[in-house]
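Student: Starting off with a structure, shown below.
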2 protein chains.
Amino acid sequence: MCPISTALDAIGDKWSLLIIRDLIIQGPRTYSQLLDSPERISTNILATRLELLISLNLIERTKPQASSRNNAFQVTNRGAQLKPVIQALGHWASRNLTDFHSDMLKM
Amino acid sequence: MCPISTALDAIGDKWSLLIIRDLIIQGPRTYSQLLDSPERISTNILATRLELLISLNLIERTKPQASSRNNAFQVTNRGAQLKPVIQALGHWASRNLTDFHSDMLKM
DNA sequence: CCGGATCCTTGTCGATACTG
DNA sequence: CAGTATCGACAAGGATCCGG
């Protein structure tokens with residue numbers, strides 16, 4: 001199978017890359033901090049995505065089973081390697097999508 | 001707003017990048033050729049995505065209004081600039097997701 | 001309060017049948 | 001061949017509730 005297709009099956013949804021972006025750029029974040037990201041993910045979606053990303057070994061909990069409180073999430077080595085992808089995407093968007101919203105209005 | 005978020009709003013769905021991948025790697029493709037991609041997109045979804053990508057100026061029709069038949073789609077300049085993103089994603093997947101399906105089985 | 005789980009509504013996807 | 005129409009299934013979103 002095509003690696004692009006495989007990658008998109010794993011992280012091609014609406015939220016996964018945004019979560020990973022937060023964790024890469026800002027370092028370990030708690031559940032609440034991720035909820036407060038400007039994109040306003042809802043609680044159930046965030047919990048589901050986090051579990052999925054953990055099962056794919058892209059992120060992990062910082063304090064495995066400590067107090068179940070104030071435990072944060074961080075990217076694993078494998079997840080951190082997505083940084084070039086995110087950078088390339090951000091670079092492309094900066095150069096080509098500054099007029100994105102005006103494009104949308106024409107629809 | 002964050003450029004990553006903007007980019008994902010535009011092409012962060014399941015199919016857009018796969019279509020662009022086909023058009024970048026294989027060159028201009030007709031509707032039927034895109035339908036025959038191994039990922040098996042359905043007809044209505046493909047039509048919707050193509051219109052969306054055209055409205056974003058990421059792809060275009062090769063023969064504007066010729067015979068309405070045998071007209072193909074190709075990436076625009078803006079769309080072609082996604083190539084580094086796709087390559088980065090493919091590279092990452094090749095290195096990290098060869099065991100993706102076995103990871104899924106553990107769930 | 002924090003980290004979720006649950007319920008319910010809404011919207012989007014996707015398969016198939018159908019049309020010019 | 002290049003789409004459009006229809007409809008069911010499922011995922012996302014929002015609000016609320018619960019345990020520690």
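Student: Consider segment A:14-30. How many of its residues are at pLDDT 90 or above and not in a helix (DSSP H, G or I)?
Tutor: Qualifying residue count for the region: 5.
Conditions (1) in contact with a Leu (Cβ under 6 Å, 6 or more places away or on another chain); (2) at pLDDT below 90; (3) more than 8 Å from chain B (Cβ to nearest Cβ); (4) away from DNA strand D (no atom under 15 Å from the Cβ), marked per residue:
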position	(1), (2), (3), (4)
A:32	no, no, yes, no
A:49	no, no, yes, no
A:52	no, no, yes, no
A:61	no, no, yes, yes
A:66	no, yes, yes, no
A:84	no, no, no, yes
A:90	no, no, no, yes
A:93	no, no, no, yes
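The values are calculated or read from the model by the stated rules, or taken from the named source; none is laboratory data. As the structure is a computational prediction, the values presented were derived from the model and not from experiment. Cβ: placed from backbone, ideal geometry, glycine included. Neighbour counts: every protein chain shown.
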